[in-house]
Every structure is written in C-alpha cells, then in structure tokens.
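Peer 1: This is the structure I want to talk about, given as structure tokens.
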Amino acid sequence: MKRIQAPRGTYDVLPHLADERAALERTAAQILGRAGYGRIETPVFEATHLFARTVGEATDVVQKEMYTFADGSGDSLTLRPEGTAPVVRAYLEHGMHKEPQPVKLWYLSSFFRYERPQAGRFRQFWQIGAEAIGSADPAVDAELILLLGELLEAIGASKVRLVLATLGQPESRAAYREELIAYLRKHEDQLAPEVVARIDLNPLRAFDAKHEATQRVMADAPRLIDRLPQEDLDHFAEVQDLLRAADLAYTVDTTLVRGLDYYTRTLFEFQSDALEAAQNTLGGGGRYDGLAEAIGGPPTPGMGWAAGVERMLMASTQSPPTEPPVDIYVAYEPAHKAAAFRLAADVRRTGGSARLELAGRSLKGQLKQASRSRARYVAIFGDEGVQLRDREGGEDKLVAPETVMHHIRGRL
Ligand code: HAM
C-alpha cells in the first residue's frame, strides 16, 4: 500500500524545530506584552463571508487560495487565510468598543492558503500578528511599526529594510484607479502584453513590470500619493515624523502593493534580502479603517501587522536554544524497575527533570543515554542498593533506594 504523506505545502513541527519556535513565541510575548497587547485566539474557521467582504472578492486570496467547505448544515466556512478580519469580528462581537481605545491584541496562529509551495511559502503557515483597534491616531501606526521592527531585531533577522506607503481612503483610490487606467490605455502600444491584458483587472501591477518600455511609461504615470486629500497626507507625514523621532530608518515606496483589499492610509512591509525576492517579506500590514463597517459594525479605525513565523526563523541569525541538562538519569537492573520508576516519578513531582530507561537497554546502554542527556546525577538501581553518581564531581556513593531523594534534594 502507498504510504500516506502530509499534504503538499504543509510540514510537521518536530521537537528540534519546536524549541526555536517557542523561543520566538517568548520573544514576541515579551515585546508585545510590554507594549500592552493582550493575546487573542480566534477559531480556525470562520464564515466565508467574513473574508470575502474584507480581504476582497477580487483578490488572489479569495479567488484562488481559500480552503472553503460546507459543513453538515450547509453553511459555507473557510479555514482562516489571515487574522485581521477574525480579530475585528471578535472585537465587535464582544463589545470591545466599551474598553479603553485602542484595544490592543496579538496572536500566534496558523493560517491556510492554497498557494504554490516553495521556500518560505506554505499552505499551512504561522503568523505572529498584532492589531490595535479603535484609534486613528498616527501614533498607533508608528508604534505598531516600531514593535515589529523591535521583534525582528530581537531575533537577529538579517538584512532587513522597512518600506512605507500610504493609500488614502477607498474613494480617492477609486478615482485614481480610473485615472491610471485611462493613462495606461493611452500608452497601450508601448506596454508589455501581459500588462495590457491586466489593465482593467489590476492597473497598479504595471508599476512592477520588468519590461523596459513599460517602465519608461510608468516613470511618468500619475501617482496615488499626488492625488490624496490633505488629511491623508498629514496623517502619513505624522507617522513618518514619529518613526524618525524613534530613529527607525525607512524608505517610502509609493508603488508598494499588498494582496488584501481592506487597507486604507498607512501600508508597510519589512523585507529581508536574506530571503528570495518572491518571498522576501518577513511581515507587513497597515491601517484598515473601513474593515469593521464591511462586516456590519460601526465605523471603527484599526491598524496592525502580521509576520510569517517560517520566514522570521529563516532570516534569524540566532542559534536555537539548546536543551537544558537533565537533573537525574535513573538506570536500573531489570529486577529493580519498579523502584527506579518510583524515583523518577518522585523527582518530577518535586519539579525536577528525570529520565528513565524505557526501551529495555542493558546497563551499559543506559549509561550511554545518561551522558547523552547530560544528566547531573545518575542513579543505578542494583541488588546492593543505588549507586549514586554526581557527574559534576565527587565520589560515587552507595545509598538506600528510599534515600536518593534526600541526597539529591537541595543540590539541583
Ligand atoms: P499578509 O501580507 O498576507 O498580511 O501576510 C503577512 C505575512 O505572513 C507575510 O509577510 C509572510 O511573512 C507570511 N505569509 C503569508 N502567506 C504565507 C504563506 N503562504 N507561507 C508562509 N508565510 C506566509 C496579512 O495576513 C494581514 N492580515 C496582515 C495585517 C494585520 N494587516 C493588518 N493587520
């Protein structure tokens, strides 16, 4: 029979990988906790509408990448492809507008997108994300950007740069889109065929084209930033002032595009040249002042980001934490198994770490395991009693089984 394997684009988190992930989680919890963010966990699946209405019907995520299914009662559900819409849903559902604003939440969860698997791109992946809901103050934007910068610095992510942009409100964006489409139509004969084919679908993509003649046309194309109302420009200027006040370096790239439709105003990404260009975004986010309304709530500003756990670990220069040594390794001759078992249980009950032979190895084999686990003490249960060895010096002692705890307690 053909052996069953994990689905494409998924992976198992084996223990040696779990350690470095746990270290990343601790770092994130510390940085975000200090800034007043509380942890939230939302369900793995949500009503399909939630994502269709916020992430956007026309986006790749909604069009091609969602794991959508009907449950037993025929309701359409979707494995969450991202975390912002669920968090805003929870904010509204639990009346968090009554708490002091903004409400600051963070998460470490898995997400699902049917994408083409490659290095740094999976179908089930993990994100660390942070959302601040209920304030339009530019200081919220700047603080959140700073926090992701701090996290990336703390994990030693290499070759990181911050790119900023601003999008304004949907109305100015819609008007700009029409203007850009008209401009592209006027220069159609000079554009790459694939750009022409997508003029109506996604005119902004023309800015990313590698085709030289297209690039020449785009150099003079109208820019969104020149069409934004003054209040959006002021908001963006203040975000930048605050980032400069905190000494965070950035570049503004007015052509930055992100694959989700809910963004308004501030948009940003931390990219790393340590990763391949197609997957070089460690994390990013922006403001989403219209999202709550799109799912039936009152107008509520919001801002946040998410960063990929796999990509952060790939870019991190930190060596994974090593496993701490074990307090005691309990070896035994077969006749003394129960007494040995008892000691290991007693050590663990008092908060120590103990390893016990579980595979019927010879005494010699057991002692090899003991040094592999870098145990401080080794207890060998035999007919004469327990031979207790302190591997940090001192003579071997022969002691009675019931006194082992007494001998090692206080020294661990
Ligand atoms: P996103 O840009 O779609 O934004 O994803 C954020 C990060 O998740 C990416 O920069 C990347 O590191 C990681 N990521 C995304 N897709 C994959 C994948 N298939 N495999 C591995 N890693 C991936 C969001 O999801 C927004 N919810 C961020 C946000 C929060 N905006 C406002 N608040």
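What follows is calculated from the coordinates using simple rules that are stated; it is not laboratory data. Everything numeric here is computed off the predicted structure, so don't read it as measured data. Virtual Cβ from ideal backbone geometry, glycine too; neighbours counted across all protein chains shown.
Peer 1: Once Lys and Arg get +1 and Asp and Glu get -1 on their Cβ, which of ILE328, SER362, SER373 lies farthest toward the positive end of the dipole of the range 328-411?
Peer 2: Working it through, the farthest residue towards the positive pole turns out to be SER373.
Peer 1: Quick one: angle between helix 337-349 and the longest Cα principal axis of the chain, in degrees between 0 and 90, rounded to 10, please.
Peer 2: Between helix and principal axis, roughly 50 degrees.
Peer 1: Additional query: At 0.36 nm per residue, and after removing the present C-alpha to C-alpha distance, how many nm does the segment from ALA339 to ALA274 gain when stretched out fully?
Peer 2: Values: separation 65, 0.36 × 65 = 23.40 nm, distance 5.37 nm.
Gain on extension, ALA339 to ALA274, equals 18.0 nm.
Peer 1: Using 0.36 nm per residue, how much length does the chain from ALA213 to HIS97 gain when fully extended, once their Cα-Cα distance is taken away?
Peer 2: Values: separation 116, 0.36 × 116 = 41.76 nm, distance 5.08 nm.
Result for the pair: 36.7 nm of gain on full extension.
Peer 1: Based on DSSP H runs of at least 4 residues, each adding -39500 (n - 2.57), what is the mean residue ellipticity at 222 nm of the chain after dividing by all its residues, to the nearest 500 deg cm²/dmol? If you can, show how the numbers build up before the last one.
Peer 2: Numbers: 13 runs with 139 residues, N = 412.
After summing the helix terms and dividing by the residues of the chain, the value is -10000 deg cm²/dmol.
Peer 1: Can you sort MET303, MET218 so the residue with the fewest Cβ neighbours within 10 Å comes first? Please report the intermediate quantities before stating the final value.
Peer 2: Values: MET303 31, MET218 21.
Taking fewest neighbouring Cβ atoms as first place, the list is MET218, MET303.
Peer 1: Then there is this: When a/c is below 1.5 the answer is rounded, else prolate if a/b is larger than b/c, else oblate, so apply that to the range 139-219 with a ≥ b ≥ c taken from the square roots of the Cα gyration tensor eigenvalues.
Peer 2: On the way: a/c = 3.96, a/b = 1.89, b/c = 2.10.
Because a/c hits 1.5 or more and a/b fails to exceed b/c, the range 139-219 counts as oblate.
Peer 1: Follow-up question, since we're still on this one. Between LEU248 and ALA58, what FRET efficiency comes out of the Förster formula 1/(1 + (r/R0)^6) with R0 = 30 Å and r the beta carbon distance, rounded to 0.05? Display every interim value, and only then the final one.
Peer 2: Details: r = 33 Å, r/R0 = 1.10.
Once the sixth-power term is evaluated, E becomes 0.35.
Peer 1: So if R0 is 51 Å, what FRET efficiency would ARG116 and ALA154 give, r being the distance between their Cβ atoms, rounded to the nearest 0.05?
Peer 2: On the way: r = 31 Å, r/R0 = 0.61.
Result of the calculation: an efficiency of 0.95.
Peer 1: Within a 10 angstrom radius of the beta carbon, how do PHE45, PHE381, PHE111 rank from fewest other beta carbons to most?
Peer 2: Values: PHE45 17, PHE381 25, PHE111 20.
Listing PHE45, PHE381, PHE111 from fewest to most nearby Cβ atoms yields PHE45, PHE111, PHE381.
Peer 1: Please give the contour-minus-distance gain from ASP234 to ASP383: 0.36 nm per residue of separation, less the Cα-Cα distance, rounded to one decimal in nm. Can you show the working numbers first?
Peer 2: Details: separation 149, 0.36 × 149 = 53.64 nm, distance 8.26 nm.
Taking ASP234 through ASP383 to full extension adds about 45.4 nm, to one decimal.
Peer 1: Taking 23 Å as the cut-off for C-alpha to C-alpha distance, list the pairs among LYS64/LYS159; LYS186/LYS210; LYS64/LYS210 that go past it.
Peer 2: Among LYS64/LYS159; LYS186/LYS210; LYS64/LYS210, the Cα-Cα distance tops 23 Å for LYS64/LYS159; LYS64/LYS210.
Peer 1: Per Stokes-Einstein, at 25 °C and 0.890 mPa s, what whole-number D in µm² s⁻¹ belongs to the chain, with the Kirkwood radius over Cα pairs as the hydrodynamic radius? Write out the running numbers ahead of the final one.
Peer 2: Numbers: Rh = 25.1 Å.
Reported coefficient: 98 µm²/s.
Peer 1: Can you tell me which of GLY351, GLY296, GLY72 moves the most in a GNM of the chain? Springs connect C-alpha atoms under 10 Å apart.
Peer 2: GLY351
Peer 1: Only Lys, Arg, Asp and Glu count, each charged at its Cβ (+1, +1, -1, -1), so figure out the dipole size of the range 4-70 about its Cα centre, rounded to 20 debye. Mind dumping the intermediate values first?
Peer 2: Values: 7 positive and 9 negative charges, 33 e Å.
Roughly 160 debye for the range 4-70.
Peer 1: Another question about this same structure. When the scattering of the range 328-411 is computed by the Debye formula from its Cα atoms alone, each counted once and equally, what is log10 I(q)/I(0) at q = 0.19, 0.20, 0.23, 0.25 Å⁻¹?
Peer 2: Log10 of I(q)/I(0), two decimals: -0.75, -0.85, -1.17, -1.42.
Peer 1: Under a 10 Å cutoff between Cα atoms, tell me which one of LYS159, LYS104, LYS210 has the largest fluctuation in the Gaussian network model of the chain.
Peer 2: In the Gaussian network model the winner is LYS210.
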